[in-house]
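Inspection log for the structure reproduced underneath, given as structure tokens.
The values are calculated or read from the model by the stated rules, or taken from the named source; none is laboratory data. Worth saying up front: this structure is predicted, and the values here are computed from it rather than measured. Methodologically, a virtual Cβ is constructed for each residue, glycine included, from the backbone with ideal geometry; neighbour enumeration extends over all protein chains shown. Heads up: the accessible areas ignore ligands, DNA and RNA and are worked out on the full protein's heavy atoms, side chains in. Shrake-Rupley method; radii C 1.70, N 1.55, O 1.52, S 1.80 Å.
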Amino acid sequence: MNYTSEMEKAMHQTHGVNFAEYSRKLSHRIKVEKAREKSHKQSMKVYNEIERLAHR
């Protein structure tokens, strides 16, 4: 996958690491993926709560 400059900028702003480092160092990759998973779980909690409230 070719990374665009916008994708590179987002990766750096969000996770503090550029894509080259992410690709090269397993420790950076693990840190980024754990953060993504945590964010996804939080988003799903919010989504499920909104769905629950909307279907009362």
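Computed values, structure above
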{"quantity": "Karplus (6.51, -1.76, 1.60) ³J(HN,Hα), θ = phi - 60°, over segment 5-17, in Hz, Gly and Pro reported as x", "calculated": "5, 5, 5, 4, 5, 5, 4, 5, 5, 7, 10, x, 9"}
{"quantity": "Within the accessible area of the chain (1.4 Å probe), percent carbon and sulfur", "calculated": "55"}
{"quantity": "Point-charge dipole on Cβ atoms (K/R +1, D/E -1) for segment 8-56, about Cα centre, debye to 20", "calculated": "140"}
{"quantity": "Overall form of the chain per C-alpha gyration tensor (a/c, 1.5; a/b vs b/c)", "calculated": "prolate"}
